[in-house]
Each structure stands twice: as structure tokens, then as C-alpha cells.
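Below you'll find the structure, written out as C-alpha cells, and then a few comments.
Any read-out appearing in this document is the output of simple, stated calculations on the displayed coordinates, not a laboratory observation. Only a predicted model underlies this, so the values are computations on that prediction, with no experimental measurement involved. Quick reminder, even Gly has a Cβ in these numbers, built from the backbone with ideal geometry, and neighbours come from all protein chains shown.
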Amino acid sequence: MNILEQFSLKNQVIVVTGGTGILGRSFVKALAEAGAKIVVIGRNRERADERVKLIETLGGVGLAIIADVLSEEEMIAARDKILAEWGTIDGLVNAAGGNIPGATIGPNDNLFDANISDTLKAIELNLHGTIIPTQVLGRVIAEKGKGSIINIASLASSTALTRVLGYTVAKNGIVGYTKWMATELSLRYGDRVRVNAIAPGVFLTEQNRALLTTADGGFTERAQRFINKTPFSRLGDPSELEGALIFLLSQASGFINGETLYVDGGFNAWSGV
């Protein structure tokens, strides 16, 4: 197999939870361009259908499934639908997640007045929303003895980011879960079943533009802090995650297992000095 063939995902069935999100759109686009058959799982029917149209525009094949990653029953139903449609699952991208407004602790808030319920919801969404789909959909990959699972971590996985307690706890948990599941699956099912994670830096999207930019087009103080701590001296673009995704899903990364790949312009590497 030559190097270009190693990167190919042609006709592989790849499931993307959170495929209706901003980063999910970039993932879906990249997978379509790589030749995969893509299952888009999300809770918004309109956005899911839009993603399938995007896939078809790029010459690919897509399937939209409306389901909640926190529901084991809905994940089982999704799995059954995928197997009925395409007969297998070759890859899983756990992209569902994000922060919850009530779980953000403002700089002037009393730390101990934080909304514990919302903090726990943020942990559940990000961590449980990765574990549950992996337990259900990843089983197909494991039992066929071949495939790749990609979890989505964060800068918060390696260093403390102020204000986002629940998100930070969850993303640290995802790195630990990635290592644990990578180890267990390979020991039990062989060296062609892999689990890795991508840790995105701060990416400017339509979803967070109001939080990171000011009315006059400049950056907020928090956004500028991220930029100042990034050797690239800028925020990322969601398209810059696409190469990492295809690499970790493909045979080109066949001996990489249990790792977290930071895509952050050097933020995690730099001490700031």
C-alpha cells in the first residue's frame, strides 16, 4: 500500500456524533472529500439534513440520524439503523460536546456560588457523551477487529483554563478515557483497533464569534490572551483540524494508539517565555 492509499477512507463507514456542530461540519466535509460514507448524528434535524446535502454536493454519501449521545437506547437504535443501511462501522468520531453557559464561572463571580448542577451537566455532556457512543458504536469496530475511534479533547486537557470548570474536568477525563480504552481494546481485540484524541486549540467560529470578537471587529480580552500564548499569534480555523482527523482515522497512523494530538498553533508547547 503506497502512502496515498494509506490516507484513503474510501467507502469506509465513519460515524460523527455532534456532526451538526461547527467543528462537526469541518469533520463531515473532510470525510466526504476522503471518500468515506458518513453518518451524521445530532439532535437538530435541519442541520443534520444540511450536512447530508453538503456530503452529496461533494460527491459522497451521507446518512442523518437524530439521536442524543447521552441516551444509550437512542445510540443502540442509531447503531441498528447504521448496520441495516451499510452493514458495518469503520470509524467513530466523538465530536458531540461543548460548554454550558450556566457552567461558566465569571471573573467576578464567587467561585463557591457556581451552579453545581450546570457544572455536572457540562461534565456529562462532554465525558458521558463520549463514553456512551463508544460503548455502543465502538463495539461494532472492536468485534470486527479493525477500526479507529477519535475523541475530542481540548487545551483544557493539559492546562488549567479559567472559568470553565465542568468543561475542564470532562476534557481531562476524555484524555484518560482515550488512554484506557486504547489499551483495553488493543489488548483484547488486536492491533488494528485504535483509539486516539484530537485536542483543538481556540478556533474562531460563527458560534463563538460574539464571545471572542468585539463589535468593531477586534478581539476580546480573553481571546487576546489566547493569541498572546500561541506561537502562531492567531486563532485557528476549523479547516485546520481536517488533516489531523483524516490521519488518525486512516491506516497512515496505524501504529498510533492512545495519543492526544494537539492542534493549537503551539499553545500547549509554549511556556509563554
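Applying 1/(1 + (r/R0)^6) with R0 = 22 Å to the Cβ-Cβ distance of residue 222 and residue 33, what FRET efficiency is obtained, to the nearest 0.05?
For residue 222 and residue 33, the calculated efficiency is 0.10.
For residue 121, which lysines qualify as cross-link partners when the Cα separation must be under 19 Å and same-chain residues fewer than eight apart are set aside?
171
Describe numerically, in nm with one decimal, the distance between label points set 7 Å from Cα along Cα→Cβ at residue 259 and at residue 214.
Each label point lies 7 Å from its Cα, and together they span 4.1 nm.
Over region 122-227, consider all pairs of different Cα atoms and compute the Kirkwood hydrodynamic radius from their mean reciprocal separation; express it in Å, one decimal.
For region 122-227, the Kirkwood estimate is 15.4 Å.
Output the DSSP H helices from the chain with an along-axis C-alpha extent of no less than 20 Å and a mean Kyte-Doolittle hydropathy no less than -0.5.
Span-like helices in the chain: 72-86, 129-144, 165-189.
Projecting each Cα onto the charge dipole of the chain (Lys/Arg +1, Asp/Glu -1 at the beta carbon, about the Cα centre), which of 83, 3, 241 comes out farthest on the positive side?
The Cα lying farthest towards the positive end belongs to 3.
Could you work out how far apart the two model spin labels at residue 269 and residue 113 are, taking each label as a point 7 Å from the Cα in the direction of the beta carbon, and quote it in nm?
4.3
How high is the FRET efficiency between residue 4 and residue 85 when r is their beta carbon distance and R₀ equals 25 Å, given to the nearest 0.05?
The calculated FRET efficiency here is 0.30.
How long is the gain from residue 240 to residue 44 if the chain were fully straight, where each residue apart is worth 0.36 nm and the alpha carbon distance is subtracted?
Stretched out fully, the residue 240 to residue 44 stretch lengthens by 68.1 nm.
To the nearest 20 Debye, how big is the dipole of region 207-273 about its Cα centre, given +1 on the beta carbon of each Lys and Arg and -1 on that of each Asp and Glu?
Value, rounded to 20: 220 debye.
Which one of 31, 16, 140 is farthest out on the positive end of the charge dipole of region 1-156, using unit charges on Cβ (Lys, Arg +1; Asp, Glu -1) and the Cα centre as origin?
Farthest towards the positive pole: 31.
Going Cα to Cα from residue 37, which lysines come in below 18 Å? Please leave out same-chain ones fewer than 8 positions away.
10, 29, 53, 81, 144, 146
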